[in-house]
1. When ligands, DNA and RNA are left out and all protein chains stay put, how many square angstrom of accessible area per residue does the range A:30-183 have with a 1.4 Å probe?
2. What quantity of accessible surface, computed with a 1.4 Å probe and excluding non-protein components, is buried in total between chains B and A, in Å² to the nearest 100?
3. Measuring with a 1.4 Å probe in the full set of protein chains, what accessible area per residue, in whole Å², belongs to the range A:238-336?
4. Using Cα centres only, tell me the gap between the range A:8-47 and the range A:237-252 in whole Å.
5. Which residues in the range A:41-57 have a backbone N closer than 18 Å to a point placed 7 Å from the Cα of residue A:71 along the Cα-to-Cβ line?
6. When a/c is below 1.5 the answer is rounded, else prolate if a/b is larger than b/c, else oblate, so apply that to chain A with a ≥ b ≥ c taken from the square roots of the Cα gyration tensor eigenvalues.
7. Tell me, what is the FRET efficiency for residue A:192 and residue A:2 to the nearest 0.05, using R0 = 22 angstrom and their Cβ-Cβ distance as r?
8. For the range B:158-173, state which residues have at least 50 Å² less accessible area in the presence of all protein chains than in their chain by itself, taking the probe as 1.4 Å and leaving out ligands, DNA and RNA.
Amino acid sequence: MSLEAFTVSEPLTMGVELELQLLDTLDFDLTPRAQDLLRALDKHPGAWDVKPEITRSMIEIGTSIQREHAALRDELHDLCRQLSRGARKLNIAIGGGGTHAFQHWSEQQIYPTERFHYISELYGYLAKQFTVFGQHVHIGVPNGDDALWLLHALSRYVPHFIALSASSPFVQGVDTGFHSARLNSVFAFPLSGRAPFVLSWDEFGEYFQKMTSTGVVQSMKDFYWDIRPKPEFGTIELRVCDTPLTVDKAAALACYLQSLCRYLREERPFEPAEDDYLVYTYNRFQACRFGLDGEIVDPKTKQRQKLRDDIIRTLARVAEHALDLRSLDANNQIRDSLFDGNDARWLRALRQGGAPLPALVEAASARWMMK
Amino acid sequence: MPETGTPHILPQAPWFTWPDLHQLDPVLGLAAVMLIAVVAASALHRLFKLPRLAGYMLVGLFASPMGMGLLQPADLDGWKPIIDLAIAALVFELGSRLRPRWLIDNPWLAASCVLEGLLAALAVGAALVALGAPLLSAVLAAMVAASTSPVIAMATVHELRPRGQVGERLLMMCALNSMLAMLALKLWPLLSLAGQGTLANDALTWVASALFVVCGSFLLGLLCGWVLDRAARLSQQRASAPVLQIALVMLAATLASNLGLSPLLTLLVAGMTARALMGHRLTVEPYLGSAGAALTVLLFISLGVLFDFDGAREVWPWVLALVGARLLGKGLGVALLARPSGLGWRQALGLTLALQPMGSLAVLLVAHNFHWAEQLPGFDAGVMQALLVAGALMQLSGPLWLNLGLRRVAGECREEMPRVA
């Protein structure tokens with residue numbers, strides 16, 4: 001099977017996908033009601049999209065193609081309102097967060113579609129353990145070569161997005177000590193991690209053909225990379241973010257990525273290299289484990305610095321681009337969150353204040369549903 | 001004894017008779033039956049996939065005068081406070097699971113709750129009248145028949161653990177239609193007076209009495225929920241929570257009963273209030289569920305003993321009409337508003353089936369003994385008998401209806417996973 005052609009798309013357009021938790025309003029455990037909610041939202045008037053995910057306690061929503069922060073935020077607000085109304089009608093709650101604090105993987109049910117059953121058969125219990133919730137951000141690029149260049153250039157900023165969005169400290173009722181424990185679930189998949197270091201679409205096509213000839217992959221969907229090209233959309237897709245607890249944060253993260261991409265494309269501050277990946281896994285771990293307090297290594301200078309400091313410096317570098325993209329508000333929000341702490345910290349503070357886990361999930365859901 | 005020509009060498013009495021346990025000690029009899037019930041229900045569940053609750057009721061039925069006569073309904077009178085506690089605990093838990101706000105968030109659901117009860121009552125009433133039942137008795141039977149047994153529903157929900165729309169709507173509809181039935185019974189004297197032409201003199205008294213019951217039960221429920229919250233805060237001991245809950249449930253049921261209020265409404269409101277005030281601090285099921293496990297077995301055996309199939313041969317057309325009309329009415333009520341309220345067709349079918357268990361025990365918690373039928377003077381004996389037989393039939397088969405509706409049709413129950421030794 002050969003790789004499809006890369007669709008041309010307008011540079012720096014963006015789209016956001018959010019995987020969301022469906023919760024029982026009594027005990028705030030996950031509840032398998034995706035089909036009910038999808039039916040209730042069948043004829044929604046928005047331009048956004050809602051679809052099932054691997055287990056029946058999840059749904060995924062996707063915005064339309066957006067260019068700037070205000071419009072993206074408005075669409076996410078509309079989506080949030082309509083989704084919440086539909087959920088309340090069915091006596092369920094919706095929540096963000098990268099993991100559900102106390103659900104048990106064995107109780108999850110695979111959503112009845114051919115692809116999800118295929119994944120379930122292939123990966124066994126890992127499929128049910130994949131009941132984790134992420135934010136994916138698509139950024140438009142004009143061609144495949146540009147997509148691969150940007151994908152690898154972004155690799156050193158991946159820890160930023162992990163630490164900023166981290167909202168999964170609890171797994172199966174236990175505090176993991178991580179800020180983002182979600183990515184540990186993703187790591188269990190054999191085709192996770194990073195994309196191969198190739199910078200042209202033709203070379204990538206050769207790699208893809210070799211992989212399909214081994215029978216290990218059938219389509220681009222089988223790669224669970226942190227950033228992957230999406231040829232049918234003409235985008236690259238950043239997949240490392242936990243679903244934040246609010247849609248405002250989701251919009252801000254997407255716009256920070258957009259301004260960063262513009263900075264990288266227009267200023268070309270460095271050329272990506274294979275050696276950038278020497279510290280990739282270490283930096284990624286630091287971000288997952290310690291969040292904004294993580295310590296990362298610069299792949300070029302080999303210097304160590306706090307993740308928080310690196311984000312502050314990056315925000316300063318991309319400020320001009322954020323201004324041009326009308327997303328300065330978003331970047332300011334990101335800056336504020338560096339001092340307020342990420343969602344994982346907020347959840348831990350609640351827990352340390354004595355809230356039982358169901359109360360914690362309820363509070364997180366109230367934030368997402370804008371109650 | 002007349003000479004029958006039977007050879008005298010044959011014994012005059014059977015070589016074995018079942019021991020008349022209730023003559024010895026009703027406690028001993030019931031305890032023995034409980035032991036047998038648990039073992040037999042497990043065996044029936046293993047061999048025929050029969051729900052355990054149905055197994056307990058069958059054992060009760062076999063022990064009753066209709067079966068081997070080990071126990072008489074009168075033997076249960078001494079157990080009534082304990083059986084009342086079992087029912088009250090289930091009703092309190094039902095209340096604690098309801099989120100009244102759902103009816104505002106989904107007005108079609110609220111309409112659907114009223115419609116299914118109303119259409120079931122109309123269908124049953126019309127069917128009974130068509131078969132020649134007196135109008136007033138048919139109306140009362142219809143109102144009682146509109147209810148779904150909260151006891152069977154809650155106990156089966158414990159066993160099946162459904163997670164979905166059908167299970168949640170079942171509990172909401174069950175609570176609402178039981179309240180409707182309770183109100184109908186409270187207003188029965190008013191209806192019977194209407195039949196005698198003396199309505200005008202006493203109408204005001206009866207309306208005031210009904211209002212007193214509704215408002216009083218509501219206020220008492222609020223108070224009990226509040227008291228539980230305060231007591232839990234003061235005790236600050238997690239281990240004491242189930243004790244507090246059991247004490248409160250007994251208090252609420254007894255006070256309501258002694259004040260002439262409705263224990264059903266009181267306990268439902270107490271459960272809702274406690275949930276609203278205590279949130280996740282209220283963990284009803286694990287505590288009352290485990291402490292109440294023995295109570296549940298006792299309750300379902302008692303239901304079996306109390307089943308009344310007397311006169312079934314005479315009233316079977318009425319029983320059939322009642323059961324059939326009820327199924328039709330509830331099905332129509334659910335289906336008409338299924339889509340606007342967010343329910344799929346298959347789920348609507350599942351809900352209709354799950355609503356079929358009919359029961360009167362929780363509605364009549366107020367009675368001093370189990371001979372509740374005697375408390376409704378003027379109620380046509382035939383209609384009463386049909387109602388009792390239909391009630392017994394639909395309670396006995398209740399767990400099967402719920403299993404069919406929630407598990408098979410709606411698919412809301414997780415199949416038990418085989419455990420590796």
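The values are calculated or read from the model by the stated rules, or taken from the named source; none is laboratory data. Remember, predicted model here, so these are calculated numbers, not experimental data. Positions of Cβ are backbone-derived with ideal geometry, glycine not excepted, and every protein chain shown enters the neighbour counts. What goes into the accessible areas is simple: the full protein's heavy atoms, side chains included, and nothing from ligands, DNA or RNA. Shrake-Rupley method; radii C 1.70, N 1.55, O 1.52, S 1.80 Å.
1. Spelled out: the 1.4 Å probe surface of the range A:30-183, per residue, equals 32 Å².
2. Separately minus together, B and A give about 1900 Å² buried.
3. 42
4. Rounded to whole Å, the Cα centres lie 14 Å apart.
5. Hits in the range A:41-57 for residue A:71 at 18 Å: A:46-49.
6. rounded
7. 0.40
8. Residues losing area: B:163, B:165, B:168.
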